[in-house]
1. Let me know the charge dipole size of the chain about its Cα centre in debye, to the nearest 20, where only the beta-carbon of Lys, Arg (+1) and Asp, Glu (-1) is charged.
2. Given contacts defined as C-alpha pairs under 8 Å and at least six residues apart, what's the relative contact order of the chain, whole-number percent?
3. From the phi angles alone, apply the Karplus equation (6.51, -1.76, 1.60; θ = phi - 60°) to the stretch 107-122 and give each ³J(HN,Hα) in whole Hz, x where the residue is Gly or Pro.
4. Take Val75 and Asp135, extend 7 Å from each Cα along the Cα→Cβ direction, and tell me the distance between the two endpoints in nm.
5. When the chain is fully extended, how far beyond the present Cα-Cα distance does Thr22 get from Leu45, taking 0.36 nm per residue of separation?
6. What whole-number volume per residue, in cubic angstrom, does the convex hull of the C-alpha atoms of the stretch 54-181 give?
7. With Cβ to Cβ distances under 12 Å as the rule, what net charge do the other residues near Val97 carry (K, R +1; D, E -1)?
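Bear in mind that the values in this text are calculations on the coordinates, not laboratory data. Note that this is a predicted model, so its numbers are computed, not measured. In this analysis, Cβ positions are derived from the backbone assuming ideal geometry, glycine residues included, and neighbour counts consider all displayed protein chains.
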Amino acid sequence: MAVPTTTPDTAPVPATVPGVVTITRTPRQLWLPLLILALIAVVRLPAWLQHSPDPAVAHQNATALRFWYLTVVPVYAIALCVNFLPTRIELGESALVLRRPLRRRRVLEWRHIQAILVDPRSSRRRVAVYGDDADGRRTLLPVPFSAVMLKDPDFEEKFHLIGQAWLARRGADWELLPPPSVRQGM
């Protein structure tokens, strides 16, 4: 399946786009970091726990184990807790609402959006929204995204749903503005 590089203008707009649609991360995207920590623990822990007759090796293993439990485990536990906080976007009647963990929600009104694209500059596939402000600011949506191990099988459908909601709700008075480089010279 080809990566869409333009706005979803070519997609047919449904007669009715559902009221408020919420898009969240997939369960695999939530649980994979926990599995990575478990894999590291399974691989490294037996080496650290083995007893060695050599006191230098025993001291080195004890130091590594102490470092693991005092630094890596707490930092990773905090990161996991943040990972499980809700990250979602809501396709409302008048705006696209971004809700990210530990950040304020951000509201992008449909009429101020100039384009919705799959971001070509990102290493993982993410949806980018371009606004009509002076610099044509790009906003990367927190979801949907698709990466090497964090594939979202419904990425294309979610991308087109966002695009169709924008086309249906941007209003009759919406107009395409020139690119930011042209607008700055105006």
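1. Numbers: 23 positive and 15 negative charges, 103 e Å.
I would put it at about 500 debye.
2. Values: 234 pairs, mean separation 48.1, N = 186.
26 percent.
3. Couplings: 10, 10, 5, 4, 5, 9, 8, 9, 7, 10, 9, 7, 5, x, 8, 8 Hz.
4. Here the modelled spin labels are 3.0 nm apart.
5. On the way: separation 23, 0.36 × 23 = 8.28 nm, distance 4.06 nm.
Taking 0.36 nm per residue and subtracting the Cα distance, the gain is 4.2 nm.
6. Given the Cα convex hull of the stretch 54-181, per-residue volume reads 157 Å³.
7. Numbers: positive: Arg88, Arg99, Arg100, Arg104, Arg105, Arg106; negative: Glu90, Glu93, Glu109.
Computed value for this residue: +3.
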